[in-house]
Amino acid sequence: MSEFANRCRTLSSKTGTLTVVAGPSGAGKSTLLHRFMDDRDDCVFAVSCTTRSPRMGEVNGREYYFLSRDEFDAHVRNDDFVEWEELHANRYGTLKSEIERLRAMGRHVLLDLDVKGALNARERLADVLLVFIAPPSLDALERRLRERATDSEEQIAIRLKRVQEEMELAPRFDKCVVNDNLDVAAGELAAILQARMNK
Ligand code: ADP
Ligand code: 5GP
């Protein structure tokens, strides 16, 4: 087992839980996570690094650490990431130091990753729970991405192209929530997370 996995195992015996929420872009991961974390001081969101540009209202260190391609690649060379992926023509990765820092604070750590990144994270993180967030249909997903109005038509097309492949990986997750009605899905996710945190 790697030195990092060992350190995580030691930390996990005395600190909060680690849960990865993943699913196709637009499925509702960040909406559901924000709802859950709204009044939860015991939970914290692990901020990833990305090479994509900030969207309107996004703040460095809150939604992401926004890095240049050179900065990101330097972290790759130093083996600083738990996992990283090239997605939609940008790179996204979770720093080992971010996970260690948050776990050492004794809080439950939640990560929002893409589907392949989540499965890769399982290989490297001890005791992680993987939750898949599925859209009710491809049409609904496409509508949500358009209505979110954060991505160009080209970006939306790239995101939609991956969905079939991502949905096929859903059975490899521990839990799945279909985000059709937001209140119902939020309740289901909260129940899964609460059960996990009570253990
Ligand atoms: P993700 O983080 O998975 O990319 P978001 O949370 O940004 O997805 O959600 C994509 C868009 O869909 C957002 O505009 C959000 O407000 C909307 N949305 C999320 N859940 C629902 C839902 N259950 N019904 C309708 N719209 C939703
Ligand atoms: P967006 O550009 O819409 O913020 O995110 C695109 C996708 O990147 C989302 O599906 C999100 O879950 C994923 N993502 C965010 N951070 C990471 C990360 O650190 N690693 C991986 N593999 N995916 C990430």
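All of the numbers you see were taken from the coordinates with simple rules; none came from a lab. Fair warning: this is a prediction, and the values are worked out from it, not measured in the lab. Backbone-built Cβ (ideal geometry, glycine too); neighbour counts: all protein chains shown.
Restricting the trypsin sites (Lys or Arg not before Pro) of segment 132-171 to loop positions (DSSP other than H, G, I, E, B) with no more than 16 neighbouring Cβ atoms within 10 Å leaves R162. For segment 101-199, a simple Cβ point-charge model (Lys and Arg +1, Asp and Glu -1, everything else neutral) yields a dipole of about 580 debye relative to the Cα centre.
Rounded, prolate or oblate for segment 38-91? Axes are the square roots of the Cα gyration tensor eigenvalues, ordered a ≥ b ≥ c, and the cut-off for rounded is a/c under 1.5.
Values: a/c = 2.36, a/b = 1.47, b/c = 1.60.
Oblate.
Hey, any idea what the orientation-averaged projected area of the convex hull of the chain's Cα atoms comes to, in nm²? Value for the chain: 10.9 nm². Only lysine pairs 8 or more places apart or on separate chains count here, and in the chain those with Cα atoms under 21 Å apart total 9.
When the Cα positions of N90, A118, P24 are compared along the charge dipole of the chain, A118 comes out farthest toward the positive end, with charges on each C-beta of Lys, Arg, Asp and Glu.
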